[in-house]
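Taken together, the values in this text are just the output of simple stated rules run on the coordinates, not laboratory data. Being a predicted model, the structure only gives us computed values, none of them experimental. In this analysis, Cβ positions are derived from the backbone assuming ideal geometry, glycine residues included, and neighbour counts consider all displayed protein chains.
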Amino acid sequence: MSSYVIDAPKPAIIPVVGSDQSFPVRRIYCIGRNYVAHVEEMGGDADRDPPLFFQKPTDAVVNSGATIPYPTKTADFHHEVELVLALGKGGRNISEADAQSHIWGYGVGLDMTRRDIQGGGLPWEIAKSFDNSFPVGAITPASQTGIIDKGRIKLTVNGKTVQESDVSLLIWRIPEIIARLSEFFELHPGDIILTGTPHGVGPVVPGDKLVATFEGLSPLEVTIGPAA
Ligand code: MN
């Protein structure tokens, strides 16, 4: 067995509800502009936007209960609460009919965003794909939840509800997201997909406590710490 010239990076993992085992994360895919009310609040046109995919680095994962530093180079750090898919099976050109069978479990997470850097037609890398930009709650196996295609998703900041919607309102529904994404990338077990945020995105500041919930899933709690 070969060894490494430096210490090997730690794998990113997400706890699994009711288990001592964890879900190992391979890649983190995200879809943008996937609820009409959110596209409209961002000034877009939901009728004409194709699915918009981007990635976050695997080590952007932050588990529930953590405090994340307020990031550098932003004065408008935003929350986006999203339903999260954890894939247990990969493939390419996956059909919509077969897509649900690739989901191992579900969680609720946050696509944290430097909103003042996003936009202008530039790449989203530094706006979306930075350190600690993906807090996520424990994964619940699909064997317990069944297929999720509806359900209330909610985010509170300091106890006040700021985002609330239902995942039945997704523009690109879950089987469509998996099918489309698998046309561009070969998907693998361990891949994570964030399904998009509903309306109500907004800024957070140091000291804020965020609680993201989806009925039937483990909640996510995260606190915003001082500037990094
Ligand atoms: Mn998002």
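Listing for the model above:
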| quantity | calculated |
| --- | --- |
| Residue-averaged [θ]222 nm for the chain, counting only DSSP H segments that reach four residues, each worth -39500 (n - 2.57) | -3000 deg cm²/dmol |
| Anchor Lys154: lysines whose Cα lies under 30 Å away (excluding residues fewer than 8 positions away in-chain) | Lys56, Lys73, Lys89, Lys128, Lys209 |
| Whole-Hz couplings from phi, Karplus 6.51/-1.76/1.60, listed for the stretch 77-88; x for Gly and Pro | 8, 10, 8, 9, 7, 8, 6, 10, 9, 10, 8, x |
| Under-5 Å amide H pairs with Asp166, H placed in peptide plane, nonlocal only | Ile153 |
| For the stretch 2-100: span of alpha carbons on each principal axis (Å, largest first) | 52, 43, 33 |
| Kirkwood-based Rg to Rh ratio, the stretch 42-155, C-alpha trace | 0.98 |
| Sorted by Cβ neighbour density within 10 Å, fewest at the top, the residues Lys209, Lys154 | Lys209, Lys154 |
| Exposed-loop-free span, longest in the chain, where chymotrypsin sites (Phe, Trp or Tyr not before Pro) count as exposed if DSSP calls them loop and at most 14 other C-beta atoms lie within 10 Å | 5-184 |
| Along the chain, longest interval not containing exposed GluC sites (Glu not before Pro), exposed being DSSP loop plus at most 16 other Cβ atoms within 10 Å | 1-185 |
| Residue order, fewest to most surrounding Cβ atoms within 10 angstrom, among Val62, Val136 | Val62, Val136 |
| Taking the C-alpha atoms of the chain, convex hull volume expressed per residue in Å³ | 142 Å³ |
| Built amide H within the under 5 Å cut-off of Gly202, gap 5+ | His79 |
